[in-house]
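The values are calculated or read from the model by the stated rules, or taken from the named source; none is laboratory data. Worth saying up front: this structure is predicted, and the values here are computed from it rather than measured. Heads up, the Cβs are rebuilt from the backbone with ideal geometry, glycines too, and the neighbour counts pull from every protein chain shown. What goes into the accessible areas is simple: the full protein's heavy atoms, side chains included, and nothing from ligands, DNA or RNA. Shrake-Rupley method; radii C 1.70, N 1.55, O 1.52, S 1.80 Å.
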Amino acid sequence: MSGEEQNEAKRRQVGANSESERAGATGAANSGPQAEAPPPKPPSPGQERLDRAVRLLRELVAEDAVEAASINEANGHLPTIVVKNERWPQAARLFRSHGELNANYLRNVAGVDYETHMEVVYYLLNMASGHNYAVKVRTGREAPSVPSATPVWETANWNEREIYDLLGIDFPGHPDLRRIMMPDDWEGHPLRKDYVPLDPEV
């Protein structure tokens with residue numbers, strides 16, 4: 001075979017390989033498995049309790065008592081309810097005394113400064129069933145105020161004092177609202193995001 005004939009044979013072989021590869025790729029695209037939709041997410045184990053608590057609040061406190069409700073999956077599927085500020089005293093008594101909710105233990109209270117508003121979070125526990133709830137109450141930043149839960153759960157006492165001390169949130173109805181960590185003559189509330197420390201180096 002001459003050199004020219006050998007080159008022509010190589011070109012034909014390369015062309016045949018390319019067509020074969022294209023055909024294979026097309027076939028793979030046509031016959032491959034379709035992208036399957038992910039399976040539906042299973043319902044949260046806390047969803048039924050959340051729905052029931054919201055229904056009780058709307059039926060027994062007020063239709064507008066609940067501002068929002070969700071499941072906090074990152075926190076063990078914790079049922080989380082935002083209760084309207086002025087409805088909180090009635091809602092707290094419902095959580096404490098209703099036979100189904102029976103939140104007879106207040107585990108913790110936290111305060112948060114979101115810059116747009118402030119929030120107090122009450123973590124409730126039914127000690128018989130082990131069911132937990134988080135109830136959030138929002139307030140403005142100019143004169144932040146949330147009705148005290150201390151008349152319902154005495155364990156709220158020091159937690160609310162701490163939030164008052166560090167974030168400046170007032171708790172009307174608290175039996176002894178005064179500073180608990182900072183000196184009595186301290187100016188400002190150190191955990192507010194607009195707090196200006198006396199010494200910025202500290």
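Okay, here's what the table says:
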| quantity | calculated |
| --- | --- |
| Vicinal HN-Hα couplings computed from phi for the range 158-172 (Karplus, 6.51 cos²θ - 1.76 cosθ + 1.60; Hz; Gly/Pro x) | 6, 4, 5, 4, 5, 5, 4, 5, 8, 10, x, 7, 7, 10, x |
| Shape category assigned to the range 53-186 from the gyration tensor of Cα positions, a/c cut at 1.5 | prolate |
| Distance between modelled label sites at E187 and A128, nm, 7 Å Cα→Cβ extension | 5.3 |
| Label-point gap, in nm, between D194 and N104 - each point 7 angstrom along Cα→Cβ | 4.4 |
| Note, ³J(HN,Hα) from phi for the range 51-66, Karplus 6.51, -1.76, 1.60, rounded to Hz, x at Gly and Pro | 4, 5, 5, 4, 4, 5, 4, 6, 7, 9, 10, 5, 4, 9, 5, 9 |
| E59-R178 FRET efficiency (beta carbon distance; Förster radius 25 Å; 0.05 resolution) | 0.10 |
| 5 angstrom amide H check on A69, placed H, neighbours 5+ away | V82 |
| Theoretical FRET efficiency, 1/(1+(r/R0)^6), r = Cβ-Cβ of E86 and K41, R0 41 Å, to 0.05 | 0.70 |
| DSSP-assigned coil residues among GluC sites (Glu not before Pro) in the range 117-202, each with at most 10 further Cβ atoms within 10 Å | E142, E187, E201 |
| Calculated FRET value between H117 and R52, using beta carbons and R₀ = 25 Å, to 0.05 | 0.35 |
| Residues of the range 52-202: accessible area per residue with a 1.4 Å probe, Å² | 53 |
